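Where a number appears in this text, it was derived from the coordinates with a stated rule and is not lab data. Remember, it's a predicted structure, so these values are computed and weren't measured experimentally. With ideal geometry, Cβ positions are generated from the backbone for all residues, glycine too; neighbour counts draw on all protein chains shown.
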Amino acid sequence: MTKIRWDGTADEFRATIAIARRVIDYTRSGSVLELSMDILACHLNACPLNLDEMMKGDLQDVVHDVAGISAHIDRVTGALRDCFIPRFAAKSSVGHDFTRLARGQHQARGTR
């Protein structure tokens, strides 16, 4: 069984705490420790995230991602279950630019 990696950089730790605080300030619920650990586990083990964008991006998109990560993270392996892909997934972590699709910035089929 693969263990969760926790070998993030100091900047990654600071960023995940800032993101967790941002979400909690907006939702008025949650734990900074739990949310930041979920975000970091996802970032280091399942799906690299664009943490800089999450710290300043659209708050509803950030809340969507953090809630989805918390709901779908496997706390034993760090993997994301149920095909959940965060909107702030780093482009290099997915085969296609799913971040545009997740944010509704795709074009309808047959249009340009």
Quiz item: Considering amide H positions built from the backbone, and no H for Pro or chain starts, which residues 5 or more places from A79, or on another chain, come under 5 Å of its amide H?
Solution: D74
Practice problem: Kindly write out, for region 82-87 in residue order, the coupling ³J(HN,Hα) from the Karplus curve 6.51 cos²θ - 1.76 cosθ + 1.60 (θ = phi - 60°), rounded to whole Hz, with x marking Gly and Pro. | Solution: 6, 6, 6, 10, x, 5
Quiz item: Residues of region 20-46 with amide nitrogen under 18 Å from the 7 Å Cα-to-Cβ point of K56?
Solution: 20-23
Self-check item: Residue order, fewest to most beta carbons within 10 Å, for V63, V23
Solution: V63, V23
Self-check item: Computed FRET value (nearest 0.05) for A90 with A67, which takes r as the C-beta separation and R₀ as 30 Å
Solution: 0.95
Exercise. Would you work out which of I24, L59, H43 lies farthest towards the positive end of the dipole of region 1-71, given +1 charges on the beta-carbon of Lys and Arg and -1 on that of Asp and Glu, about the Cα centre?
Key: I24
Exercise. Give, rounded to the nearest 20 debye, the magnitude of the charge dipole that region 1-55 has about its Cα centre when Lys and Arg contribute +1 at Cβ and Asp and Glu contribute -1 at Cβ.
Key: 160
Quiz item: Got the relative contact order for region 10-102 handy, in percent, Cα pairs under 8 Å and 6 or more residues apart?
Solution: 27
Quiz item: How much length is gained if the chain between R5 and C83 is pulled fully straight, taking 0.36 nm per residue apart and subtracting their Cα-Cα distance, in nm to one decimal?
Solution: 26.0 nm
Quiz prompt | Gyration tensor over alpha-carbon atoms, region 10-102, equivalent ellipsoid semi-axes in Å | solution = 18, 15, 12
